[in-house]
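The values are calculated or read from the model by the stated rules, or taken from the named source; none is laboratory data. Since we're looking at a predicted model, the values are computed, not measured. With ideal geometry, Cβ positions are generated from the backbone for all residues, glycine too; neighbour counts draw on all protein chains shown.
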Amino acid sequence: MKDKSSLSIMIGLIFLGVMSRVIPHAPNFTPVGATALFAGALLKPKWISFAIPMMVLWLSDLFLNNVVYKNQFPPIYSGWSWMGDLFVYIGFVTIVLIGNWIIRKIRFRQLFIASLLASVSFYLITNFGVWYHSTVWPQNLNGLLACYAFALPFFMNTIAADLLFTGILFGIYSYYQIRVKQLA
């Protein structure tokens, strides 16, 4: 992070990415994973790279769980919900770590690998959570594998969204950095 305007651009892109969860979209087709990669790669110090996306994720969960889902599924969402699923948060912390570890410079190969790893880790972590808390899937290896198999269509959307939005977020940021240098 070179200056306050760069920080503002980064936080704005993360905020927009995570808040996109509240607009209608195909299942798992949002820029949320890309925003976690973006934060992990670019925000410093490290605690901020975790704090910003987690805070925005938490705020969007408050809205979704207590307004949107509560109205759509009243029997399931009764009472106030302070947080979304813990496995989702663990998944996004993992994605921030992937961005932090893999994306040293904004290069196509690093972005592609990090994006795929983000998708795979989120799929494995969150669907393990679905299976773990489930009354639908048997609590054995076959149940876990069946849960993962059932989630494959969502996984495909996650991969597509992570690849697309990672390119868009890092592309916008790179363009901004080039424009700033040109104007200086």
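Data overview
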quantity: Members of segment 63-88 found to be closer than 17 Å to VAL32 by Cα and either modelled with pLDDT of 95 or more or aliphatic (A, V, I, L, M) (or both), listed by number; calculated: LEU64, MET83, LEU86, PHE87, VAL88
quantity: Helices (runs of 4 or more DSSP H) within segment 2-87 that include 1 or more residues in contact (Cβ under 8 Å) with a residue 40 or more places away in the chain and under 15 Å from the mean Cα position of the chain (by Cα); calculated: 4-19, 32-42, 46-63
quantity: Test for VAL93: is it of a type in the set (A, V, I, L, M, F, W, C), part of a helix (DSSP H, G or I) and modelled with pLDDT under 95; calculated: no
quantity: Of all residues making up segment 69-83, the number that are among the hydrophobic types (A, V, I, L, M, F, W, C) and either surrounded by 14 or more Cβ atoms within 10 Å (Cβ to Cβ) or in contact with a Ser or Thr (Cβ under 8 Å, 6 or more places away or on another chain) (or both); calculated: 0
